[in-house]
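Q: I have a structure here, written as structure tokens, and I will follow up with some questions on it.
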């Protein structure tokens, strides 16, 4: 079994994400062909994808679902953390060769990240962390910025190996949520999951984590200021699954916007 990255070794970590899809087959094909997830199983209309070792994404179909609305609470992006910079470089070369539409690419000091959207508008981040010992901390907050990604430097790390899908050791490193009020989200994650605030981008975005990771959860109101509870009839985010040390069984919580957070013990 592949060594897990730091993000997955903390007391609480993100295990997987569930999406409601208007066309599950087409969406699953995108996550297979573009992102590189492997299809693992199908059951009762749900398609599970991930690495050979673990499920990272579950897609349920609802052809009657309304399209997602970025002004509502919901998913900003699911962030797939690759084991190494070389893996990110190989994925980037794969994306360039396939002429994949990229929404953005950033150097966040703690990580290098490339952003895109799936066919139903769900945001995706593909990223690789820099070594945690290189992260800078001040007064309990981590230094993160949004700088331009140096693609030439990244691609030079790809080597000769081709891209054959996400390698073992890939995890959902974090989930970034659209919320109506980041301060309220911050309070909720403190009180219900014991997460710590790691960084803030002004009053409109907060980043929280367990065990000193740079963030397991992001919450922003860039597109959704003042949003109320999410319309459950919309496609998009269904749930976020967390793994927590010492948790028994499984419980489900709802954040103030109706986002379902499932919590179960670590495998």
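The values are calculated or read from the model by the stated rules, or taken from the named source; none is laboratory data. Note that this is a predicted model, so its numbers are computed, not measured. Because the Cβ atoms are built from the backbone with ideal geometry, glycine has one as well, and the counts that use them run over all protein chains shown.
Q: Filter the stretch 253-267 down to residues that are modelled with pLDDT under 95 and assigned to a loop (DSSP other than H, G, I, E, B) and give me whichever is farthest from residue 209 (Cα to Cα).
A: 267
Q: So, one more: Can we say residue 36 is at pLDDT below 95 and either surrounded by 21 or more Cβ atoms within 10 Å (Cβ to Cβ) or on the phi > 0 side of the Ramachandran plot (or both)?
A: no
Q: Anything in the stretch 1-31 that is under 25 Å from residue 218 (Cα atoms), assigned to a helix (DSSP H, G or I) and touching a strand residue (DSSP E or B) at 6+ places or on another chain (Cβ under 9 Å)? List them, or say none.
A: 6, 7, 8, 27, 28, 31
Q: For residue 164, indicate whether it is surrounded by 12 or more Cβ atoms within 10 Å (Cβ to Cβ) and within 23 Å of residue 48 (Cα to Cα).
A: no
Q: May I pose another question? With respect to the numbered conditions (1) in contact (Cβ under 8 Å) with a residue 24 or more places away in the chain; (2) within 29 Å of residue 214 (Cβ to Cβ), which one is the sole condition not fulfilled by residue 23?
A: Looking at each condition in turn, residue 23 falls short on (2).
Q: Scan the stretch 81-102 for residues that are closer than 25 Å to residue 24 by Cβ, within 15 Å of the chain's Cα centre (by Cα) and in a loop (DSSP other than H, G, I, E, B) and report the count.
A: Residues in the stretch 81-102 being closer than 25 Å to residue 24 by Cβ, within 15 Å of the chain's Cα centre (by Cα) and in a loop (DSSP other than H, G, I, E, B): 1 in total.
Q: Can you work out which of the residues in the stretch 109-158 that are surrounded by fewer than 16 Cβ atoms within 10 Å (Cβ to Cβ) and in contact with a helix residue (DSSP H, G or I) (Cβ under 6 Å, 6 or more places away or on another chain) is nearest to residue 74 (Cα to Cα)?
A: Looking at the filtered set, the residue picked out is 119.
Q: Turning to a different aspect of this structure: Of the conditions (1) in contact (Cβ under 8 Å) with a residue 12 or more places away in the chain; (2) over 17 Å from the mean Cα position of the chain (by Cα); (3) farther than 26 Å from residue 49 by Cα, residue 233 clears all except one; give me its number.
A: (3)
Q: Taking the stated definitions as given, is residue 41 within 30 Å of residue 194 (Cβ to Cβ), in a strand (DSSP E or B), in contact with a strand residue (DSSP E or B) (Cβ under 9 Å, 6 or more places away or on another chain) and at pLDDT 95 or above?
A: In short, no.
Q: Continuing with the same structure: Of all residues in the stretch 126-152, how many are touching a strand residue (DSSP E or B) at 6+ places or on another chain (Cβ under 6 Å) and in contact (Cβ under 8 Å) with a residue 60 or more places away in the chain?
A: Final tally of qualifying residues: 5.
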